[in-house]
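Comments concern the structure below.
Every number in this text was worked out from the coordinates using simple rules, so none of it is lab data. Every value quoted in this text rests on a predicted model; they were computed, and no experiment measured them. Cβ sites come from the backbone with ideal geometry, for glycine too, and all protein chains shown count toward neighbours.
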Amino acid sequence: MARCAFCDADFEAGPGDLLLVCPYCGTAQTVKGAKFKDHYMIRVHFDQSEAQTTLLDWVSKQLGAPEDLAARARFVKSELVFYPFWVSRVDAHSRYKGFGRDARFYDEWPQRPGAYKRIDFFLKPESGEFTRRYEIVLPAVKDIDEDVANFPIPTRAKEYFSHAHAEEFDGKVLHSQVSEEQAREFARKRAFDLQTALIMDEVVQVDSRHDDIDVGETHLIHVPVWELTYRYGNSKYRASVSAATGYVIEAKYPRSVTFRAAAILSGLVLLGVGGGLLGLAFGVFGTTLFPAGGVVSGGMLSLLGLVLLYKGVSRKEAKEQL
Ligand SMILES: [Zn+2]
């Protein structure tokens, strides 16, 4: 439990929560009660029923989805979650000295221009600099789906956090498990790594480098996502839809019986052909035909057959991403 330093209300907070948002007055604050001002949000543009419609439209168009999916799906849970993300602007300037790889060519073949009898590789001193501005994004809760953690946030559409707006949609605003200091430190390291990648594209060995890495504006942005669960037949399927853009971040959906039957059939055919080729390659039928090619293509066809069989037989739901 925690007590709000601004409205005195008690509210739920776990030991890992480092920057809290009071569910009663909406004030972002450190665990010591210091107000955090750089608190933003992305507003909701798709309400619950719009998000549901968008999702059903999308899943209905997926390969193998049952034709009556949109008509028969029933939503059993619809929750709006505001996920916290830290977004830092980082200005980085790096100067480096090192060695790049180069080559000298000798004795061109008379008949083959561009082909040489001898090539000497050597290291050549190189230096340079990179100036870059980065926007580093860090998801601020550990218990977050990977797809939700990585989907592109429209950071330019951010507005100051509005408690009233979150309440209007009955949104659940999650505390941040990352402090501002940790977010800044992460942004610095990430920018350094990105600069390193630029440098290592130019040289194979770095002798010296100097980095000026300035972590600037660092905001906490709450991003609204509809977490939806729907029932189709006897199973339930989960999906996440961006409440700002209607983007289907991830969605699970059933495969139709016809799709699964077709997958099983083509799986069996491929397995048969692939197995036949393997048999020929290994001389099971008395003679050895196309030894190497037969093993490769037979093996690949059999593998593809097994994958299709698995997709057809398994009752597991399908998951697709945009
Ligand atoms: Zn409060």
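When +1 charges are put on Lys and Arg Cβ atoms and -1 charges on Asp and Glu Cβ atoms, the dipole computed for the range 156-227 relative to its Cα centre reaches about 60 debye.
Toward the positive end of the charge dipole of the chain, with +1 on the Cβ of Lys and Arg and -1 on the Cβ of Asp and Glu, the farthest Cα among Ala164, Tyr83, Leu306 is that of Leu306. For a straight C-alpha distance cut-off of 25 angstrom, the lysines reachable from Lys158 (same-chain residues fewer than eight places away being disregarded) are Lys35, Lys37, Lys142, Lys172, Lys189. Taking a ≥ b ≥ c as the square roots of the eigenvalues of the Cα gyration tensor, the chain is oblate, since a/c reaches 1.5 or more and a/b is not larger than b/c.
Think of each Lys and Arg Cβ as +1 and each Asp and Glu Cβ as -1; about the Cα centre, that makes the dipole of the chain roughly 1080 debye.
For Phe121 paired with Ser266, estimate the spin-label separation in nm (one decimal), with each label point 7 Å from Cα along the Cα-to-Cβ line. Computed distance between label sites Phe121 and Ser266 equals 4.3 nm. Cβ crowding within 10 Å ranks Arg133, Arg112 as Arg112, Arg133, fewest other Cβ atoms first.
Peptides 102-109, 59-66, 7-14 ranked from most to least packed by the mean count of surrounding Cβ atoms within 10 Å: 59-66, 7-14, 102-109.
Each part gets one Cα centre, and for the range 108-163 versus the range 194-269 those centres are 18 Å apart.
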